[in-house]
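Working notes for the structure below.
The values are calculated or read from the model by the stated rules, or taken from the named source; none is laboratory data. Only a predicted model underlies this, so the values are computations on that prediction, with no experimental measurement involved. Note that each Cβ is placed from the backbone with ideal geometry, even for glycine, and that neighbours are counted across all protein chains shown. With ligands, DNA and RNA removed, areas are computed over all heavy atoms of the protein, side chains included. Shrake-Rupley method; radii C 1.70, N 1.55, O 1.52, S 1.80 Å.
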Amino acid sequence: MLFNQGTIVNVGLSSFADTVAQSGGSVAQVEWTPPAAGDRDIGLALARLVNHPHIETANQKAFDLYLQSQPVLVGIGVAAEELPGMQDRMLLHAGPPITWENMCGPMQGAIIGAILYEGWAASPEEASLLARAGRIDFAPCHHHAAVGPMAGVISPSMPVWIVENANGGNRAYSNMNEGLGKVLRFGANGREVIDRLNWIADTLKPVLEAGLGKLGPVEMKPLIAQALHMGDECHNRNAAASALFFRRFVPAVLQADLPSDCLRESLNFLAGNDHFFLNLSMATCKAMLDAAHSVKGSSMVTAMARNGVRFGIRMSGTEDTWFEADALPVDGLYFPSYGPGDAARDLGDSAITETAGIGGFAMAAAPAIVQFVGGTPDDAIANTMSMTHVTFGRNNAFTLPPLNFGGTPAGIDARKVLDTNILPIINTGIAHKEAGVGQIGAGLTRAPLDCFAQAIKALAASVE
């Protein structure tokens, strides 16, 4: 950490000389932490990649592909028909791969609920036996171009959003947001949960399809950009984005010939769900980042995801390999009667928003979020600014009013994370560790350093 004329600047080894030069050599005091938290082997691997011509070229390509992506909402489909590689008796989940016996409580509860929803079992006990006996295939959502919040469970019959990158053709998917209360994503699996999932498929989906049919493709970047100007960060705060989508959707759907009761129920549901846009935000970010994935030699992080037990990242230059560490607890504000002892560890695919440069990386745009996750408005700005030290640059499609409309920091460079020891920040909901209790708070957490250490070690081994 470099102190210069009263300003604190976080720097790593590779940027130290440049910072000294820019200061005119007037460095008063240096507090320095070795890269990679002092791990010699990882530090040597990092040194191989700093200023490496092939790595720099690959990173510029990956970052440009991300910036140039044009995510467009093109429709709604059924998971089994749309998701690549989705098979019968397969359930997708959030985070890196995990087996049934190792899943956290909320994820096991959501798996049971999805089995009941699909009709593969008649009771929770029977569903649990199926899962335990290996009769169900489990796979991460990310393996099938999808993302899901919290437990993230997507089953074959579920409706999914379809977001396409118009500038590259890749598609990304997410399930529908169920609202608050007893919901599948927190592990609830009672009758009301199954009934709501059936209602979403049987009533809401046709209404959404009819409205989108009249509305046509929806460009997602401008909508998110406007929401950021209205106080959202599009992870834990989606009130403006949900309202903007609703405002565009309603006039279109009113042109469709729909039963009045179905239309009324659906619009009331949308109007009462400030988190409805979250799943759209996630699919949008997934489409943008998948455009930058699989660039040989790139150290750009293209996914961060958590399953309540393990935290995993994927990096553009290492294809679909996961680099994992134990998921960390979430430091935040709890609802009355709950505390840290009740909480599951970090959970969900929704960190795809931070990976794409919004969410926690855009907290400066959403000062009111601190009332939900803790801290002050100044902390929100500081969290955004700290991420400029671990990213390739700014995304000027997503500008932040409190930062003089500067772009949000974007393009996580695994090298910079290790070089500075600054961990990517994530703001997130907190799930109860037991299935079905639901959300018990919200707060901030970080990506574990060891994920980036493993990724850099693997990338260095591939460089000649």
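Figures for the structure shown
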item: Test: residue in the range 273-282 that is among the aromatic types (Phe, Trp, Tyr), in contact with a helix residue (DSSP H, G or I) (Cβ under 8 Å, 6 or more places away or on another chain) and crowded, with 21+ Cβ neighbours inside 10 Å; result: yes
item: Enumeration of residues in the range 226-239 that are crowded, with 22+ Cβ neighbours inside 10 Å and among the small types (Gly, Ala, Ser); result: 227
item: Residues that are open to solvent by less than 10 Å² (accessible area, probe 1.4 Å) and part of a helix (DSSP H, G or I), drawn from the range 201-222; result: 204, 207, 208, 211, 220
item: Those residues of the range 293-314 which are of a type in the set (A, V, I, L, M, F, W, C), in contact with a strand residue (DSSP E or B) (Cβ under 6 Å, 6 or more places away or on another chain) and within 22 Å of residue 169 (Cβ to Cβ), in sequence order; result: 300, 303
item: Given (1) assigned to a helix (DSSP H, G or I); (2) closer than 19 Å to residue 288 by Cβ; (3) of a type in the set (A, V, I, L, M, F, W, C), number of the condition residue 410 does not satisfy; result: (1)
item: Unique match (being among the aliphatic types (A, V, I, L, M) and free of Cβ contacts under 8 Å to residues at least 40 places away in the same chain) among 362, 366, 380, 410; result: 380
item: Residue satisfying all of: in the range 19-34; among the hydroxyl-bearing types (Ser, Thr, Tyr) and in a loop (DSSP other than H, G, I, E, B); modelled with the lowest pLDDT among these; result: 23
item: Flag for residue 283 being closer than 30 Å to residue 459 by Cα and not in a helix (DSSP H, G or I); result: no
item: Residue satisfying condition, being free of Cβ contacts under 8 Å to residues at least 40 places away in the same chain and in a helix (DSSP H, G or I), within set 353, 388; result: 388
item: Lone qualifier among 312, 348, 360, 317 - being open to solvent by less than 10 Å² (accessible area, probe 1.4 Å), in contact with a helix residue (DSSP H, G or I) (Cβ under 6 Å, 6 or more places away or on another chain) and either under 19 Å from residue 185 (Cβ atoms) or at pLDDT 95 or above (or both); result: 360
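Conditions (1) of a type in the set (Asp, Glu); (2) over 21 Å from the mean Cα position of the chain (by Cα); (3) modelled with pLDDT under 95; (4) open to solvent by 20 Å² or more (accessible area, probe 1.4 Å), marked per residue:
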| residue | (1), (2), (3), (4) |
| --- | --- |
| 36 | no, yes, yes, no |
| 41 | yes, yes, yes, yes |
| 61 | no, yes, no, yes |
| 66 | no, no, no, no |
| 70 | no, no, no, yes |
| 74 | no, no, no, yes |
| 83 | no, no, no, no |
| 95 | no, no, no, no |
